[in-house]
1. Which one of Ile242, Gly186, Asn71 is farthest out on the positive end of the charge dipole of the chain, using unit charges on Cβ (Lys, Arg +1; Asp, Glu -1) and the Cα centre as origin?
2. Counting only residues 5 or more places away or on other chains, whose amide H sits under 5 Å from the amide H of Arg153 once H atoms are built in the peptide plane?
3. Under 22 Å from the Cα of Lys100, which lysines turn up, not counting those fewer than eight places away in the same chain?
4. Let me know the charge dipole size of the stretch 109-165 about its Cα centre in debye, to the nearest 20, where only the beta-carbon of Lys, Arg (+1) and Asp, Glu (-1) is charged.
5. Under a Cβ-Cβ cut-off of 14 Å, what is the net charge of the residues other than Gly267 that fall near it, where Lys and Arg count +1 and Asp and Glu count -1?
6. For Gly123, what charge total do you get from the other residues with a beta carbon under 14 Å from its beta carbon, if Lys and Arg give +1 and Asp and Glu give -1?
7. Compare the Cα positions of Leu47, Ser207, Pro121 along the charge dipole of the chain (+1 at Cβ of Lys, Arg; -1 at Cβ of Asp, Glu; about the Cα centre) and return the one farthest towards the positive end.
8. Projecting each Cα onto the charge dipole of the chain (Lys/Arg +1, Asp/Glu -1 at the beta carbon, about the Cα centre), which of Thr359, Thr382, Gln110 comes out farthest on the positive side?
Amino acid sequence: MINETSLKNLVSNPSCMDDYDPNAMPVAKAREFIKQFLNPLSVFETLTLAESLGRVLAEDITSPSNVPNYNNSAMDGYALKATDVSASRLMVIGTAFAGKAFEGTVADGQCVRIMTGGAIPKGADTVVVQEKTVVDGEFINIIEAPKPHANVRYAGEDLKLGQTVLATGHLMRPADLGLIASLGIGEVRAYRKLKVAFFSTGDELISVGQPLQTGQVYDSNRYTLFGMLTKLGVEVMDMGAIADDPILLENTLLSAATQADVVITSGGVSVGEADYMKLLLAKHGQVMFWKVAMKPGRPLAYGKVGSAHYFGLPGNPVAVMVTFYQFVRDALLRLMGQSSPVPLPMFSVQCTQAIKKMTGRTEFQRGILFADTDGSWRVKPTGAQGSALLSSMSLANCFIVLDETVGNLEAGAMVQVQVLDGIV
Ligand code: AMP
Ligand code: MG
């Protein structure tokens, strides 16, 4: 297991760094390496259920009762004894509503009109649906016998008293809010929000709203980072666009690292540009610069600045998004308290177009999953795949993940895709 001291050694001892094959570190290896440094936050807070959406539980939720709490009817109909299912005619002795039980007892030859959710009355254990009956004054005639014990929802069928309903480390989604509410619990302990500071680096960057001169570009990375981080449910701190000026960079980095749990920068980690950041990070932290065997997103830095985690992402707008989803997302979810974050789902589909691809690196091409004319889902690339073409990310609803062994592909080949859209 590599700890922070060994990270320091790796940085100060280049021969040790060579063990990590900095010329082309496989994607999976870089991911595994980073994972070793990720201990979850240890600050918790109590939240109302509504506030806990998107947060990570810091306690096990144990069921204080059975859900449902009592045997009840799954249908509108009549509650009767199982021994009477073949009886053709039963006397109706009362009504059980959801929320208003029938207090009497059902005897042989009797039944109780019952609504969905109504408590099964004493003596009864079966429900015949109303569509299978004909009312005849105070009696019903059963026209099709139910199976004994049919249409009953049993106490504890959903959740049992004492059961661990959700465990520490669980990310709260809409169903979980409802599930915990169904137990009558209104507050939960959660990990506090992760604070993530980010800034862009580059002399050429101009913020939106200002005129652009030749040679300058608008800083788009801060906006995509803002979006990706906000969607992940962290507290964001936008530190601006910083020129490639050692003093400005140093001040911004230190300010970010003292205020946030994680610092993310974009730009300035590619060969020839990394020198500023390298010097700075060597002075204030322990950071490794890698060339990852991937496209886009080859340069990547990870380390610590003080106690903050540091991710140095490439400057190219698509590379920022790809490295975020392939490395940073999983890391942040772990820091947020998730013990084993669900990876972006990956599966095979047929690609309708030919793909150009070099072996020896993993490519994350931007793809569009679509329902083809025969109803089958297939994928096609968004078009040109340059790592500066942010429009390709906007068009995409998936990454087409082509691993190191994959070369050029003919139209119709099966490819792996990672879906970017989700509903929960
Ligand atoms: P770098 O990694 O700093 O060498 O930047 C690589 C490319 O990405 C260059 O063309 C930069 O102009 C561009 N770039 C860097 N940062 C940003 C940004 N924040 N917004 C848009 N483009 C950027
Ligand atoms: Mg730059």
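Where a number appears in this text, it was derived from the coordinates with a stated rule and is not lab data. Since the structure is predicted, the reported quantities are computational estimates derived from the model, not experimental observations. Because the Cβ atoms are built from the backbone with ideal geometry, glycine has one as well, and the counts that use them run over all protein chains shown.
1. Looking along the dipole axis, the top candidate is Ile242.
2. Placed amide hydrogens put Asn72, Ser73, Ala74 under 5 Å from Arg153.
3. Here the lysines satisfying the reach criterion relative to Lys100 are Lys81, Lys122.
4. Details: 6 positive and 7 negative charges, 40 e Å.
Here the size comes out at about 200 debye.
5. On the way: positive: Arg222, Lys278, Arg298; negative: Asp203, Glu204, Asp219, Asp244, Asp245, Glu273, Asp275.
With Lys, Arg at +1 and Asp, Glu at -1, the neighbours total -4.
6. -2
7. Sorting the options by dipole projection puts first Ser207.
8. Of Thr359, Thr382, Gln110, it is Thr359.
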